[in-house]
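Student: Submitted below is the structure of interest, expressed as structure tokens.
The values are calculated or read from the model by the stated rules, or taken from the named source; none is laboratory data. Worth saying up front: this structure is predicted, and the values here are computed from it rather than measured. Every residue, glycine among them, receives a Cβ derived from its backbone with ideal geometry; neighbour counts consider all protein chains shown.
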Protein chains: 2
Amino acid sequence: MARQLRLGAFMRPASIHTGAWRYPGAWPDANFNFAHLKHLAQRLESARFDAFFMADHLAVLNMPVEALKRSHTVTSFEPFTLLSALSAVTEHIGLVATASTTFDAPYHVARRFASLDHLSGGRAGWNIVTTSNPDAALNFGLDDHMGHDERYRRAREFYDVVTGLWDSWADDAFIRDVESGLYFDPDKLHVLGHKSEYLSVRGPLNIARPVQGWPVIVQAGSSEPGRQLAAETAEAVFTAPPHLAEGRRFYADVKGRMARLGRDRDHMKILPAAFVVVGDSVEEAKAKRARLDSLVHYDSAIASLSIALGHDVSGFDPDGRLPPIPETNASKSGRERVLQLAESEGLTVRQLAQRLGGYAGLAFVGTPASIADEMAEWLESEGSDGFNVMFPYLPGGLDDFVDKVVPILQERGLFRREYEGRTLRENLGLPRPENRFFR
Amino acid sequence: MARQLRLGAFMRPASIHTGAWRYPGAWPDANFNFAHLKHLAQRLESARFDAFFMADHLAVLNMPVEALKRSHTVTSFEPFTLLSALSAVTEHIGLVATASTTFDAPYHVARRFASLDHLSGGRAGWNIVTTSNPDAALNFGLDDHMGHDERYRRAREFYDVVTGLWDSWADDAFIRDVESGLYFDPDKLHVLGHKSEYLSVRGPLNIARPVQGWPVIVQAGSSEPGRQLAAETAEAVFTAPPHLAEGRRFYADVKGRMARLGRDRDHMKILPAAFVVVGDSVEEAKAKRARLDSLVHYDSAIASLSIALGHDVSGFDPDGRLPPIPETNASKSGRERVLQLAESEGLTVRQLAQRLGGYAGLAFVGTPASIADEMAEWLESEGSDGFNVMFPYLPGGLDDFVDKVVPILQERGLFRREYEGRTLRENLGLPRPENRFFR
């Protein structure tokens, strides 16, 4: 069988796009409306998506209040509680939660993921993040945010501890022999006794080994230590390449690192974020996107553009083209990408600002067939193993993808018609880890 | 209307009693079988229970391995994940989770309870514990467990921070005006900026104010600082008095403290743990209990008895009466209670050991009518406002209570026939807290 796409849904209750809550037919109250989230998860499951991936932050996002007050991304359900609730109303779809190695304790993290894995019958995934947001540090009693390299060293140790705690019990430790009264075999219980640079955790975990052995390990950093951590540990990688060429470079780099570490390249699925807008024609799709972008309030949008360019652009004519901007301290590559975007799509200052204030990363905007073509090209040219799909607005943008794009992917043999296995790991084609203490 | 009982169910998946998993008809695999837990929660809801209260520990319980390997209490679901999953398959019953003020961060705790409250439509409760188990400390990087008084000072500050974070947003902060693009009113957002003895937390919380304002505050300590913390903060108190006289003393003490603090005595429900065994006759109920106790393995049981007496009793004739025991370092009151129990019920060494290894606290063992009588006596004599019911084995012990005792309580006007409100707070008759920053 040819390689198939793996599809995760990268979700916020009212979409990632900051204008989405204002789109016709949207659910502005979705952030705290479980019925809506349940509906979305069940629709994704009906389309055989691999996973529901819940975005997360450990602080109210640091934006100017003019932008903040217009964004639905300011609050939403906490991922563990939401995904646990969704586990009770779904049967197949994977449930991926973010947990920070900087601001949480490995015993809690190991326990909650193991519990979610048991509750869901083996559908949990852990998105390991080191949390780069300095506002999060202030919510956890730290005035100085830990440095980047230190965060990654701690992350690696944290991963070792969490996976070690998951291995506290052999898979067959629990005998439950009613007759003799023996509940478990004490020879199949391991006390971790970890003490190293950052962490001291005795164990054992007070929860049986997860159904999947370990929940699927997901990673999202793209820095040098992030790529190395991914190559060492990750089974799915969330990336955000701006175009196919960059996606291919990342793919080759990280899979190459894996191979050098002796890992099988197929045991990691690289899934770039893809913002997908579906129309019956390319023009209709573009018009939907333009309408959505136009719902980003200009006051928020212009702040995003000024930050990206490192130059106050609020005095420019919103409906004119961007005049030449002097060089600044802003990231050069980021700046050039913005200027190129304005040029290539012929955007006005307003349109450019609203694009950046909404979503300006990799996007597939077109017909079901053209989107399927683009996805196939990424897969075939080793730009990715699939995607983390981001829907432009909800529920409409998700319905379009599920109803129109998925059937074409299935017809072309690029996506499953039925789930292959019982667990997230089985559906992704990943092996079940051996217990390091009981082989 | 006369005062009515409030009934919580204090749950472990296979009951609190360590022999329960071996009882005929029990579910030995309940610890990781969500279908069973869902069934139990739905049955409790059909009987109009106030709350499902999930027992919890942050370590494998510290017992001799001979006892540990025979106990189903060694592992089970983590409470936040379990209760969130149950929130999706129930509509009315309250969901009370334990969270430690010693081993967790207030930002996480505030977020998870707020999220559970939104998911459940206002049914969350927070059982505040300071975690006295030194084995838990070792799982969280602390070699020296924090002292008792210090734990309570930190608990009080932790409570202030968590409730302050819940008040980050005014109840009407989220306007979501699609037309103007204003998602929330920035004048209705409060940044906590807490810095004090133990904690430094900036805020705001990235989640809207809970449906209940605050989830219901539950407390379980009975020490001097525990009682004071309860009088200051708790809305429900979990206690374990061995008999009515002690229950009345505790009730008068804590409600008196509340009154001195200017709080309304009705704004706290005192709910002792009650182990309830139902029979068609008193003899049948006693026989059920004796059978259940007999399922505690003698090796485990004798270890419990030796610890309680501070004396190795493993050499005694299991089927004889307890001979005189020399005074030891063991708690004097605990020791006397054990000796008195052996005397009053005429228990052999084996029976006494198995009682202690199973459950030896307050128990109502009798017919539905006699149990209703006892519950009514506690309520009327101000020994309690209701109970946290512990079922001896599952599902049978729960079925007996729901099918036989609850209807009698309802007939006598001692328990509701329908839920009074939408939220746990409304059902318990507790007021919704004002937002301290937005009145």
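Student: For B:S300, which of the numbered conditions (1) in a helix (DSSP H, G or I); (2) touching a Leu at 6+ places or on another chain (Cβ under 9 Å); (3) of a type outside the set (A, V, I, L, M, F, W, C); (4) at pLDDT 95 or above fails to hold?
Tutor: Answer for B:S300: the failing condition is (4).
Student: If you don't mind, another one. For the stretch B:87-103, what are the residues that are more than 7 Å from chain A (Cβ to nearest Cβ) and free of Cβ contacts under 8 Å to residues at least 40 places away in the same chain?
Tutor: Within the stretch B:87-103, B:A99 is the sole residue that qualifies.
Student: Being in contact (Cβ under 8 Å) with a residue 40 or more places away in the chain and closer than 30 Å to A:Y23 by Cβ is the filter; apply it to the stretch A:411-439 and report the residue that is surrounded by the most Cβ atoms within 10 Å (Cβ to Cβ).
Tutor: Applying the filter and picking the extreme gives A:F415.
Student: A further question follows. Would you point out which residue out of B:E45, B:E66 is under 20 Å from B:G19 (Cβ atoms), in the same structural domain as B:G19 (by TED's automatic domain parsing) and acidic (D, E)?
Tutor: Answer to the selection: B:E66.
Student: Assess whether B:G413 counts as being on the phi > 0 side of the Ramachandran plot and not assigned by TED's automatic domain parsing to the domain that holds B:H118.
Tutor: When the stated conditions are applied, B:G413 does not pass them.
Student: Mind counting the residues in the stretch A:199-220 that are under 23 Å from A:R151 (Cα atoms) and among the aliphatic types (A, V, I, L, M)?
Tutor: Number of matching residues: 6.
Student: If you don't mind, there's one more thing I want to ask. Does B:A245 satisfy the criteria of being of a type outside the set (V, I, T) and in contact with an Asp or Glu (Cβ under 8 Å, 6 or more places away or on another chain)?
Tutor: Details: of a type outside the set (V, I, T): yes; in contact with an Asp or Glu (Cβ under 8 Å, 6 or more places away or on another chain): no.
Here the answer is no, as B:A245 does not meet what is asked.
Student: Right, here's the next one. Considering only residues that are facing chain B (nearest Cβ under 8 Å) and of a type outside the set (F, W, Y), which ones fall in the stretch A:27-51? Explain how you work it out, then say what you get.
Tutor: Of the residues in the stretch A:27-51, the ones facing chain B (nearest Cβ under 8 Å) are A:28-29, A:31-32, A:34, A:38.
Residues satisfying the conditions are A:P28, A:D29, A:N31, A:K38.
Student: Still on this structure, I have one more. Consider the stretch B:200-225. How many of its residues are small (G, A, S), surrounded by fewer than 23 Cβ atoms within 10 Å (Cβ to Cβ) and away from every other protein chain (no Cβ under 12 Å)?
Tutor: Qualifying residue count, the stretch B:200-225: 4.
Student: I'm trying to understand the selection: among the residues of the stretch A:155-189, which are among the polar types (S, T, N, Q) and under 26 Å from the mean Cα position of the chain (by Cα)? Lay out the reasoning, then the answer.
Tutor: Step one: filter the stretch A:155-189 for residues among the polar types (S, T, N, Q), giving A:163, A:168, A:180.
Once the filter is applied, which keeps residues that are among the polar types (S, T, N, Q) and under 26 Å from the mean Cα position of the chain (by Cα), the stretch A:155-189 yields only A:T163.
Student: Can you list residue pairs whose Cβ atoms sit under 9 Å apart, with the first residue in the stretch B:39-50 being farther than 15 Å from B:V96 by Cα and the second being of a type in the set (D, E, K, R) and assigned to a helix (DSSP H, G or I)? Count only pairs 6 or more apart in sequence or on different chains.
Tutor: Close Cβ pairs satisfying both conditions: B:R43/B:D399; B:A47/B:D403.
Student: Listed residues B:A369, B:A360; which is hydrophobic (A, V, I, L, M, F, W, C) and farther than 18 Å from B:D293 by Cβ?
Tutor: The match here is B:A369.
Student: I'm told A:E343 meets every condition in (1) of a type outside the set (G, A, S); (2) in contact with a Phe, Trp or Tyr (Cβ under 6 Å, 6 or more places away or on another chain); (3) assigned by TED's automatic domain parsing to the domain that holds A:D312 except one. Can you identify the failing condition by its number?
Tutor: Checking A:E343 against (1) of a type outside the set (G, A, S); (2) in contact with a Phe, Trp or Tyr (Cβ under 6 Å, 6 or more places away or on another chain); (3) assigned by TED's automatic domain parsing to the domain that holds A:D312, the one that fails is (2).
Student: If A:L192 satisfies every condition in (1) within 14 Å of chain B (Cβ to nearest Cβ); (2) out of contact with any helix residue (DSSP H, G or I) (no Cβ under 7 Å at 6 or more places or on another chain) but one, which is the exception?
Tutor: (2)
Student: Of all residues in the stretch B:52-86, count the ones that are touching a residue at least 60 places away in the same chain (Cβ under 8 Å), among the hydrophobic types (A, V, I, L, M, F, W, C), facing chain A (nearest Cβ under 8 Å) and closer than 21 Å to A:L83 by Cα.
Tutor: 1
Student: Among the residues in the stretch B:371-394, are any of a type in the set (F, W, Y), assigned by TED's automatic domain parsing to the domain that holds B:A290 and in contact with a helix residue (DSSP H, G or I) (Cβ under 7 Å, 6 or more places away or on another chain)?
Tutor: no
Student: Given the conditions (1) closer than 21 Å to A:G386 by Cβ; (2) within 14 Å of chain B (Cβ to nearest Cβ), which single one is not true for A:P241?
Tutor: Of (1) closer than 21 Å to A:G386 by Cβ; (2) within 14 Å of chain B (Cβ to nearest Cβ), only one is false for A:P241: (2).
Student: Here's a follow-up. Could you tell me whether B:S304 is over 23 Å from B:L424 (Cβ atoms), surrounded by 19 or more Cβ atoms within 10 Å (Cβ to Cβ) and of a type in the set (S, T, N, Q)?
Tutor: Spelling it out, B:S304 is indeed over 23 Å from B:L424 (Cβ atoms), surrounded by 19 or more Cβ atoms within 10 Å (Cβ to Cβ) and of a type in the set (S, T, N, Q).
Student: On to the next question. Between A:D403, A:D399, which is free of Cβ contacts under 8 Å to residues at least 40 places away in the same chain, out of contact with any strand residue (DSSP E or B) (no Cβ under 7 Å at 6 or more places or on another chain) and assigned to a helix (DSSP H, G or I)? Steps first, please.
Tutor: Details: A:D399 fails: free of Cβ contacts under 8 Å to residues at least 40 places away in the same chain.
Sole residue among the options that is free of Cβ contacts under 8 Å to residues at least 40 places away in the same chain, out of contact with any strand residue (DSSP E or B) (no Cβ under 7 Å at 6 or more places or on another chain) and assigned to a helix (DSSP H, G or I): A:D403.
Student: What residue, among those in the stretch A:129-185 that are closer than 23 Å to B:H108 by Cα and in contact with a His (Cβ under 6 Å, 6 or more places away or on another chain), is modelled with the highest pLDDT?
Tutor: Taking the candidates together, the pick is A:V161.
Student: Please go through the stretch B:282-329 and give me each residue that is over 25 Å from B:D400 (Cβ atoms) and either among the polar types (S, T, N, Q) or in the same structural domain as B:A20 (by TED's automatic domain parsing) (or both), ordered by number.
Tutor: Selection gives B:S300, B:S304, B:S306, B:S314, B:T328, B:N329.
Student: Please state which of the following conditions B:W126 fails to meet, knowing it meets all the rest: (1) among the aromatic types (F, W, Y); (2) part of a strand (DSSP E or B); (3) modelled with pLDDT under 95.
Tutor: (3)
Student: Here's a follow-up. Can you work out which of the residues in the stretch A:360-380 that are outside any helix (DSSP H, G or I) and in contact with a Gly (Cβ under 9 Å, 6 or more places away or on another chain) is nearest to A:F250 (Cα to Cα)?
Tutor: Checking each candidate, the answer is A:L362.
Student: Restricting to the stretch B:106-159, give me the number of residues that are away from every other protein chain (no Cβ under 12 Å), among the hydrophobic types (A, V, I, L, M, F, W, C) and more than 30 Å from B:D171 (Cβ to Cβ).
Tutor: The total comes to 1.
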